[in-house]
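Scroll down for the structure; my scribbles are underneath it.
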Protein chains: 2
Amino acid sequence: MKLQSFVEYPFVDGGVCAAKGFKAGGVCAGLKHHALTDESVSEANVAANGVTETAPKKNDLAMIVADRDCAAAAVYTSNKVKGAPILVTKQNLKNGRAKAVIVNSVNANTCNADGVEKATAMCKLAADALNIVPEDVIVASTGVIGQTLPIEPIAAAVPGLVESLSYEGNAAAVNAIMTTDTRPKEVAVQFKLGDVTCTLGGMLKGSGMIHPNMATTLTFLTTDCAIAPAMLQQALSDVVRVTLNRVSVDGDQSTNDMVCVMANGVAGNKEINSENGDYAVFRGALYAVMLNLARMCAADGEGATKLIECVVSQAESEQIAETVAKSVICSSLFKSAMFGADANWGRIACAMGYADCEFDVTKVDVDLASAAGKISVAKNGFGIPFSEEEAKKVLLEDEIRVLISLNSGEAAAVAWGCDLTYDYVKINGDYRS
Amino acid sequence: MKLQSFVEYPFVDGGVCAAKGFKAGGVCAGLKHHALTDESVSEANVAANGVTETAPKKNDLAMIVADRDCAAAAVYTSNKVKGAPILVTKQNLKNGRAKAVIVNSVNANTCNADGVEKATAMCKLAADALNIVPEDVIVASTGVIGQTLPIEPIAAAVPGLVESLSYEGNAAAVNAIMTTDTRPKEVAVQFKLGDVTCTLGGMLKGSGMIHPNMATTLTFLTTDCAIAPAMLQQALSDVVRVTLNRVSVDGDQSTNDMVCVMANGVAGNKEINSENGDYAVFRGALYAVMLNLARMCAADGEGATKLIECVVSQAESEQIAETVAKSVICSSLFKSAMFGADANWGRIACAMGYADCEFDVTKVDVDLASAAGKISVAKNGFGIPFSEEEAKKVLLEDEIRVLISLNSGEAAAVAWGCDLTYDYVKINGDYRS
């Protein structure tokens, strides 16, 4: 997938370890095997995942540790049902400082009577092993909701996890947070504040239960830039709004969504304390990273074969543009048509029509575009003749752009989704196995 | 599917012809073949539908005609993009009177520059053939959006359609309005107003783009009860709210939704002119018919193998109960789990949590039930141990009930949906063929 950037940030390797002064690591604590009987594991591996007993073990426990105390900020799910780790992390980040992240996959530690106790225990296990205080630990979990999280395998794995930490450990860490993701998602960029080169990178997990509201899924960001906690929070909240909050895979907003960022100041720039020029550059770098993580998240949605990018322009307000764009990328009918590379644009019209906002439907133009070309399918709200053959060619690509002009203003917004496929149903018909 | 009734209405056969004084009919005007080249028809039939060239032709044009002038009422989609037939019917029903319905499938006559012209022409064709005025005709269309509706095959078919009209023509009519429906949907009940026996019946088409708001899909109701237009409209709007407005197949609210009812007064009861006892009985009969049509609609959702009924009780308000119930039946993740008969109740918790209303998540109890039994999966917002084997048995049935108690009031609501399956994707990957 080609990285997108609207500014001149050079992309670099390294994900959460790209910025100076961050180590990461990941190990397999065996949470999956712990949750199931031996027999069901074997069945599930073969039946649902096509994974055989001899397949390499996937990591399920990751850690990120900063060399120095960090400014930290986070944005959380607005789901009323919140994972226990969300509650504990919120408490720990009240002072705007953090030093480490511990995160597991397989089990979301949500809707469990002892959830907060277990999330607190994870912080303490990490803190003791790292010789820091538990309040400096960010804890996160992702996986099945409503099953008790076994703490023993985590306790047993933490020493090895700490031992595995390295300045090149980003790949092991991102592997550990993957659930139904088919590929790891990491991005990092470099930017200049005066003479000082700073780096900001991050990793994200998909790929189901993705329909953000104030945050999405699990995303961990690190930077060596010096920035005050309040400005870090402001930049994060602002960028989440126009990136992860405009992604939907399946309309299901997770209970465990969290995006957090740690800034250790190792780069040596003058700390950003206000909305000055340095802040604008920092925000731009954060946008470049999160925009690409958002696109990767949508493109690797459960079962997806295509990234769908819906651009709504010439709207009366950004709110209207965003509402229309999200309505289109969330339509199951439209998503199914995209899987079939069928230019059934009436479903775009339908989804625009039930978007919860006001605009003049008789002014709407719709184009479909991809690397293979562009076709116009509707003008002034009515269908226009187009070549089905050409449309098919455009839609057989794996990145499709739906370009909608409302012709009634100057605001615009983009939202990202994916197609709805047999594999989405397959993956989710028996997810817990 | 077993019919449900909370009162003592006897169900009778006959659908839209059950009430005295209504004829119906249906013919094949060939709209499907007209829209496609011969080659694409042949390919599409074999590939997408498994239908061979020798399969019997499905009807695509239906008519219902009353012996007498009727009181009439309707509820329409709130989609901003409205099918042209909606606009024409709204205009024709302004006086609360109608005498006939003409409806086609295959093509929705929506988002076409000449849509209103064509819908008006359909009314005139019907009116001329029936020797009534066009303003007494209800017109409706369902099918692909954004393709020009050919009027010639309709004009050619109307004489035969009128000839086919009979007091037993309900089956031919309901066949004509089916799109991806796998079975016809008709219900009728009898009820007593004093000594007079009245009948009310109807037919509904599914089965995709179903997510009602002020109406759903196409539903045609007929009754021989005498009732004033204003009371008919009140009863219809009231009952739609608690039946069709609580059905969702795929979250996509159609552009062509319409429910209409015609009352010809042939039964000879004293016309219902106020909210009296007769009105209550009539409303009950209407509820019995629409409740069952709603359940049939959900059960035969595109690709569905199961009806999902979500009952939310002990809510602070009916609004909260309805919002929670709809959120659960709309969750793609939960719907996929139901297809897999997987008791992944965490997805119910997740969907409740993002429902747009306030309630205390720590008071929530969840049970899953079917003809095979009932299991409790959550108590006070937390998971409780249950037998996976028993859960599987419950979920392998084809009617599943999700019973949610919010334990914070006395209001309740029910919503109906279905599972999400491979076939939904298959049907919608190339629907236009």
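The values are calculated or read from the model by the stated rules, or taken from the named source; none is laboratory data. No experiment lies behind these values; they were computed from the predicted model shown. Here the Cβ positions follow ideal geometry from the backbone for every residue, glycine too, while neighbour counts run over all protein chains shown. Note: accessible area is taken over every heavy atom of the protein model, side chains too, but ligands, DNA and RNA are not part of it. Shrake-Rupley method; radii C 1.70, N 1.55, O 1.52, S 1.80 Å.
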Fill in the blank from the handout: In this structure, among A:Lys192/A:Lys393; A:Lys32/B:Lys374; A:Lys374/B:Lys82, pairs with alpha-carbon gaps over 30 Å are A:Lys192/A:Lys393
Exercise for the section: Return the carbon/sulfur percentage of the accessible area of region A:148-191, one whole number, probe 1.4 Å, all protein chains in place. Expected result: 54 percent
Completion exercise
Taking only the alpha-carbon positions of region B:197-273 as identical scatterers, the Debye log10 I(q)/I(0) at q = 0.11, 0.13 Å⁻¹ comes out as -0.31, -0.42
Fill in the blank from the handout: Shortest first and in nm, the label-point separations between A:Glu316 and its counterparts in the other identical copies (7 Å out along Cα→Cβ) come to 3.2
Exercise for the section: Going by the rotation axis that takes chain A to chain B, pick out the residue of A with the closest C-beta and quote the gap in whole Å. Expected result: A:Tyr422, 2
Problem - For B:Leu403, net neighbour charge (Lys/Arg +1, Asp/Glu -1) across residues whose Cβ lies under 12 Å away - result: -1
Problem - In the A-B interface, the accessible area buried, summed over both sides, Å² (probe 1.4 Å) - result: 4400 Å²
Completion exercise
Here the whole-number average of other chain Cβ atoms within 10 Å per Cβ of B:329-339 is 6
Fill in the blank from the handout: Filtering chain A for DSSP H helices with an axial alpha carbon extent of at least 15 Å and a Kyte-Doolittle mean of at least -1.0 returns A:115-130, A:152-164, A:229-242, A:277-299, A:318-330
Problem - Where the Cα pairs of chain B fall when distances are cut into 10 Å bins, in % - result: 5, 22, 30, 24, 14, 4, 0
Practice task
Scale the Cα Rg of the protein assembly as shown by the rule-of-thumb value 2.2 N^0.38 Å and send over the ratio, two decimals.
Solution key: 1.00
Problem - Copies compared at B:Asp356 - label distances in nm, ascending, label defined 7 Å from Cα in the Cβ direction - result: 0.1
Handout entry: Mean residue ellipticity (222 nm) of chain B, computed from DSSP H runs ≥ 4 via -39,500 (n - 2.57), nearest 500
Key = -9500 deg cm²/dmol
Fill in the blank from the handout: Pseudo-spin-label distance B:Ala156 to A:Glu152, built 7 Å along Cα→Cβ, given in nm, is 7.7 nm
Completion exercise
Row for region B:117-175, column shape: gyration tensor on C-alpha, a ≥ b ≥ c, rounded if a/c < 1.5 i.e. under 1.5, prolate if a/b over b/c, else oblate; value oblate
Exercise for the section: With the Cα gyration tensor of region B:172-211 in hand, convert its eigenvalues to equivalent ellipsoid semi-axes via √(5λ) and list them largest first in whole Å. Expected result: 29, 11, 6
Exercise for the section: Write down the accessible area per residue of region A:311-403 in Å², having rolled a 1.4 Å probe over the full set of protein chains. Expected result: 39 Å²
Exercise for the section: For A:Tyr9, B:Tyr287, give the ranking by accessible area with the largest first, probe 1.4 Å. Expected result: B:Tyr287, A:Tyr9
Handout entry: Carbon/sulfur fraction of accessible area - region B:282-322, other protein chains in place, 1.4 Å, %
Key = 44 percent
Practice task
For a quick protection proxy, order the peptides B:114-126, B:88-100 by their average other-Cβ count within 10 Å, most packed first.
Solution key: B:114-126, B:88-100
Exercise for the section: Can you pull the one-decimal nm distance between simple spin-label points at B:Thr362 and B:Glu399, each 7 Å off the Cα toward Cβ? Expected result: 3.8 nm
Completion exercise
Among GluC sites (Glu not before Pro) in region B:394-428, those in a DSSP loop whose Cβ has at most 16 other Cβ atoms within 10 Å are B:Glu397, B:Glu410
Practice task
Calculate the mean, over all residues of peptide B:73-82, of how many other protein chain Cβ atoms lie within 10 angstrom of the residue's Cβ.
Solution key: 4
Completion exercise
Per residue of B:408-421, other chain Cβ atoms within 10 Å number on average 1
Practice task
Kindly rank B:237-249, A:17-29 from highest to lowest mean number of other beta carbons found within 10 Å of each residue.
Solution key: A:17-29, B:237-249
Problem - Across chain A: Cys residues that no other cysteine approaches within a C-beta distance under 4.7 Å - result: A:Cys17, A:Cys28, A:Cys70, A:Cys111, A:Cys123, A:Cys260, A:Cys297, A:Cys310, A:Cys330, A:Cys350, A:Cys357, A:Cys418
Handout entry: Rounded to 5, percent antiparallel among DSSP beta bridges of the protein assembly as shown
Key = 70 percent
Handout entry: Around A:Ala121: net Lys/Arg minus Asp/Glu count, Cβ-Cβ under 12 Å
Key = -2
Completion exercise
For B:Lys374, inter-copy label-point distances (7 Å, Cα→Cβ), nm, shortest first, read 5.9
Completion exercise
Ordered by number, the residues of region A:342-367 that have at least 40 Å² less accessible area in the complete protein assembly than on their own chain alone (1.4 Å probe) are A:Asp342, A:Asn344, A:Arg347, A:Cys350, A:Gly353, A:Tyr354, A:Val361
Problem - Label point distance in nm, A:Lys57-A:Glu388, each placed 7 Å from Cα along Cα→Cβ - result: 5.4 nm
